[in-house]
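Scroll down for the structure; my scribbles are underneath it.
What follows is calculated from the coordinates using simple rules that are stated; it is not laboratory data. Keep in mind that what you see is a predicted model, and the values were worked out from it rather than measured. Methodologically, a virtual Cβ is constructed for each residue, glycine included, from the backbone with ideal geometry; neighbour enumeration extends over all protein chains shown.
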Amino acid sequence: MVDETADFAALIREFKDRSGLSYGVLAKRLHMSTSTLHRYCNGDAVPTEYAPVERFARLCKATPDELVEAHRRWILADGARQRERKSAATATTTTTETPTAATATTAVTEAATVSGATSAPTPEADFPSAAPEPTPLPAPEPAVPVTAPRNRRRTALFAAAAVAVVLAATALVPHLVSGNGGGDRKQEAGSVTSAGHGTPSSSASAKSASSPSASASASPSGSASPSGSATATSGASASTGAKSGGAADVAAGVPLTVTTRPYAWESPCSQTYLVDRDAAKVPPPPTEQDAPSWVSALGAVSAGSQFLELTVQGTGQETVVLQSLNVRVVDSGAPLAWNAYAMGYVGVGCGGGVPTHSFDIGLDAARPVATPKSGQTGLPYKVSESEPEVLYITAAAASHDVRWYLELAWSSGTRKGVLRIDDQGKPFRTSGMSGRPQYGYSLEDSDWVPHQAD
């Protein structure tokens with residue numbers, strides 16, 4: 001077991017022991033098997049997502065600081081698990097025999113022998129042995145179709161073509177590996193989305209804000225995809241797709257990754273969504289991990305405020321300094337005239353606290369800025385592969401419907417750049433809800449009821 005996994009498992013066991021609850025009780029409340037929970041606590045497995053870790057920690061009454069520490073340890077343990085898989089895959093690949101020139105030559109010779117080709121003399125033909133030639137045998141009666149020699153020649157040609165492809169690929173690989181993709185860059189810009197990769201571009205500044213053609217045409221809710229890892233990749237487009245990058249990430253040279261959760265909750269009671277539907281047509285409130293799907297299905301928009309969780313981690317041992325976090329407004333208009341639906345349940349209290357490295361953004365301002373919450377230190381922060389940071393953003397809007405995104409400026413040695421942070425290539429969207437009908441979900445009635453949040 002690697003150190004990161006052991007540290008994560010130790011914290012999980014500490015939460016479990018402190019709760020006083022058995023594995024069976026905890027597993028039932030978390031809707032997972034007892035054996036799975038046992039493996040997490042023993043360090044035999046690491047959850048592929050942070051959501052079950054957070055539910056477990058909250059169930060064990062972890063403090064806000066402990067939640068942050070649990071997230072940090074999970075990030076490191078998950079990274080260690082992925083590195084182990086890559087190492088295993090690399091080891092498997094290296095054990096596979098690579099065709100050599102000698103092997104290819106042998107294959108060509110064998111192919112020529114099968115086809116009966118005699119156009120190229122062999123060394124033995126130039127220097128015949130002294131042994132007497134064998135007496136030719138009488139030709140047998142034809143016992144095979146006339147097309148058989150043609151088939152043999154076709155097989156030989158296919159074999160020779162395959163060998164030629166192998167030789168060409170063998171010669172091409174060193175050339176590709178040795179290429180540097182255009183040299184080093186001192187200034188690197190990019191884009192980071194909630195589920196995909198950042199993309200270097202010629203400008204990741206306010207130019208995008210002045211040309212909101214792609215972002216402003218987004219649907220009311222934008223895209224509500226679950227969180228994913230976001231890194232800089234090569235390319236010119238600001239929008240991204242699935243989790244894929246690999247060599248392109250390395251080629252881009254941006255030494256950090258950002259994972260964005262645009263629909264995180266500081267607490268269920270603090271999160272409300274605007275939905276353009278009557279209460280009878282709105283399903284019950286989701287759990288936090290299901291919020292992205294719920295938002296996407298209903299075309300919902302964060303109401304009053306939006307809580308973002310940004311996990312920033314270096315891709316190597318070198319230190320990366322997070323210099324500044326800037327807010328860019330794409331569009332601002334009148335608040336949406338939709339109904340407001342509060343998460344959580346009527347009459348059921350909610351816990352919560354203010355985690356460290358939290359920022360407030362007032363989207364109603366002419367020039368919104370990210371301001372550290374009272375008593376907390378702001379940027380710059382330092383990150384590396386072993387020391388990630390989690391940033392929490394609360395963006396509030398009371399009198400406007402705002403589409404916006406963030407720009408994270410970074411530096412590492414003599415290199416520096418800017419990463420755009422948005423919602424899958426679209427801006428985040430937050431709208432005021434003053435004067436809008438507000439609803440809460442009643443467990444007693446199993447329905448949405450008019451409810452004014454406290």
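Observations
- Distant-in-sequence amide contacts of GLY304, defined by a placed amide H-H separation under 5 Å and a gap of 5 or more residues or a different chain, comprise ALA397, SER431, GLY432, MET433.
- For segment 311-454, the relative contact order works out to 35 percent when only alpha carbon pairs closer than 8 Å and six or more residues apart are counted.
- Per residue, the convex hull volume that the Cα atoms of segment 318-454 enclose (Å³): 159 Å³
- Entries of LYS28/LYS426; LYS382/LYS426; LYS16/LYS426; LYS28/LYS86 with Cα pairs more than 30 Å apart: LYS28/LYS426; LYS16/LYS426; LYS28/LYS86
- Annotation: amide H of HIS451 within the under-5 Å range of GLN438, TYR439, GLY440, sequence separation 5 or more or interchain, hydrogens built in the peptide plane.
- Highest average first, the peptides 445-452, 424-431, 392-399 ordered by how many other beta carbon atoms sit within 10 Å of their residues are 424-431, 392-399, 445-452.
- Relative packing of peptides 379-385, 319-325, 400-406, 414-420 - highest average C-beta neighbours within 10 Å first: 400-406, 414-420, 319-325, 379-385
- For segment 308-439, the antiparallel share of DSSP beta bridges with both residues in that region comes to about 85%.
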